[in-house]
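As structure tokens, the structure follows; a few thoughts come after it.
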Amino acid sequence: MAKSAERMGRVLGVLAGGLVSVMLVACQVPKGGGSLADAPVMLPGKVSGVHHGMASVYTDRRTASGERFSAGALTAAHKTLPLGSKAKVTHLGTGRSVVVRINDRGPYVKGRVIDLTPAAASKIGLTKSQGIAKVRVERVEG
């Protein structure tokens with residue numbers, strides 16, 4: 001019985017540590033200043049976070065969700081938004097936006113907030129030859 005209680009205590013400790021880690025990521029202020037309003041947030045709701053940064057186009061890689069990469073799909077890679085969630089990405093230069101499903105992790109380049117498939121990038125007017133564009137990313141329900 002004592003071993004069972006000890007094991008349960010260890011499991012609860014690990015779970016609590018994981019919850020604290022998630023809360024810290026959700027409340028991080030972006031590097032270079034900004035406010036909590038600009039930080040990515042992972043709370044449920046209609047719109048649970050808005051932040052700005054650079055978007056890029058990516059191709060030919062396995063996705064963290066396990067599904068096969070499709071250049072024609074309206075999907076994206078994001079570091080903190082939950083896999084399967086949706087985000088509205090607006091190109092601040094063209095004003096055009098697209099709703100994408102997060103199915104991968106990344107980008108892993110400093111200053112970038114989201115990697116878009118070629119199809120999603122095309123919808124907002126971001127071409128592969130441009131490489132990157134300043135965008136606003138909003139998590140949306142549905």
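Only the coordinates and a few stated rules stand behind these numbers; no lab work does. Not measured: the values here are computed from a predicted model. No Cβ is skipped: glycine too gets one built from the backbone with ideal geometry, and neighbour counts run over all protein chains shown.
Between ARG105 and VAL140, the contour length at 0.36 nm per residue exceeds the Cα-Cα span by 10.8 nm. Looking at the stretch 40-140, the DSSP beta bridges with both ends there are about 75 percent antiparallel. The label-point distance for MET54 and ALA119, in a model that sets each label 7 Å from Cα toward Cβ, rounds to 2.7 nm. Remark: spin-label model distance ARG96-SER129 equals 1.5 nm, labels positioned 7 Å along the Cα→Cβ axis. Rounded to the nearest Å, what's the spacing between the alpha carbon centres of the stretch 53-75 and the stretch 92-122? Just the number, please. Taking the Cα centre of the stretch 92-122 as reference, the centre of the stretch 53-75 is 9 Å away. Cβ crowding within 10 Å ranks ARG61, ARG139 as ARG61, ARG139, fewest other Cβ atoms first.
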